[in-house]
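Nothing in this text is a laboratory measurement; each read-out follows from the coordinates by a stated rule. All figures in this text were calculated on a predicted structure; none of them were measured in a lab. We place every Cβ from the backbone using ideal geometry, glycine too, and count neighbours over all the protein chains shown.
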């Protein structure tokens, strides 16, 4: 594998959901650069294929998988394909997620259901499917990384369903960490602040009443570091949690938020 990696994930197999863009794509590329064979899963097959092609161009191993993470049958089929292709599964990054808007007073029920179906239920379904194939040897660990959000830790105006679903992911992570420790499977959750990804663009526009620049200005006020995060910065956190360097970490809530929750 070419690039700047030093082999932190050499010999390992990783599955990244929502791997077709944003944080998921950056993480899939980062994992591959560190030696992992990567199964890239996305709702859109063409997006997953694009990421897999980028990995292949850098002499890495990757396959593209399409699945709706809220559909148990599709998830099981995708995970089975990944294990059939690569022979094992060591790392799962539950990155797939959807946005939602509105306070409890105005939010639509369908929007609430979708937020929980993808953000929370999707994390459960992908983890359950992956665990059927995670069997780390004595002295080794497997790693599940869940994607939370600062929205699961603090109140974000007009994002009731999203806040609630991400809060559920954080609670689920802690429960999983306790349950899975005897199986040598570590489970941690990353809570990013606002990261400029395709998912965030509509949120920024909504915050600025349709004006992206205005929404960005309102958002940056919350961040002592004075800028938004990048997908690559969150990918670096995910890499650490996936690697043996984090071997004593499980049940951790890792904020990568430019100081947003420190205030």
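Distance between the C-alpha centres of segment 73-117 and segment 43-64: 19 Å, rounded to the whole angstrom.
If you run the Gaussian network model on the chain, springs between alpha carbon atoms under 10 Å, then out of 188, 158, 119 the most flexible one is 158. The label-point distance for residue 72 and residue 105, in a model that sets each label 7 Å from Cα toward Cβ, rounds to 3.9 nm.
The simple spin-label model puts a point 7 Å past each Cα toward its Cβ; for residue 175 and residue 261 those points are separated by 1.9 nm. For the chain, the longest principal axis of the Cα atoms and the long axis of helix 45-57 meet at an angle of about 60 degrees. Working from Cα positions, state the angle (0 to 90°, nearest 10) between the long axis of helix 231-242 and the longest principal axis of the chain. Helix 231-242 and the main axis of the chain meet at about 40 degrees.
Sorted into 10 angstrom bins from 0, the C-alpha pair distances of segment 78-207 split as 12, 40, 29, 15, 3, 0 percent. For the residues 233, 50, 245, a GNM of the chain with alpha-carbon springs under 10 Å puts the largest fluctuation on 245. The structure-derived value of Cα extents along the principal axes in Å appears in the list (1) 63, 36, 30; (2) 58, 34, 33; (3) 49, 36, 35 under the label (3).
So how tilted is helix 122-131 from the main axis of the chain? Cα-based, degrees 0 to 90, rounded to 10. Between the helix axis and the principal axis of the chain, the angle is about 10 degrees.
Calculate for the chain the 222 nm mean residue ellipticity that helices alone would give, adding -39,500 (n - 2.57) per DSSP H run of length 4 or more and normalising by residue count, nearest 500 deg cm²/dmol. Please list the in-between numbers first.
Details: 9 runs with 107 residues, N = 263.
Computed mean residue ellipticity for the chain: -12500 deg cm²/dmol.
Pairs of Cα atoms in segment 140-263 fall into 5 Å distance bins, from 0 up to the last occupied one, in shares of 2, 11, 19, 22, 19, 12, 8, 5, 2, 1, 0 percent. Between segment 7-21 and segment 210-263, what is the separation of their alpha carbon centroids in Å? Computed from Cα coordinates, the inter-centre distance equals 20 Å.
Under the simplified labelling scheme, the residue 113-residue 44 pair shows an inter-label distance of 2.5 nm, with each label point 7 Å from Cα along Cα→Cβ.
Computed on segment 2-120, the Cα convex hull volume stands at 100 Å³ per residue. Rounded, prolate or oblate, given the Cα gyration tensor of segment 67-122, with a/c below 1.5 counting as rounded? Cα axes put segment 67-122 in the prolate bin. Ordered by the number of other Cβ atoms lying within 10 Å of each residue's own Cβ, fewest first, 162, 93 fall into the sequence 162, 93.
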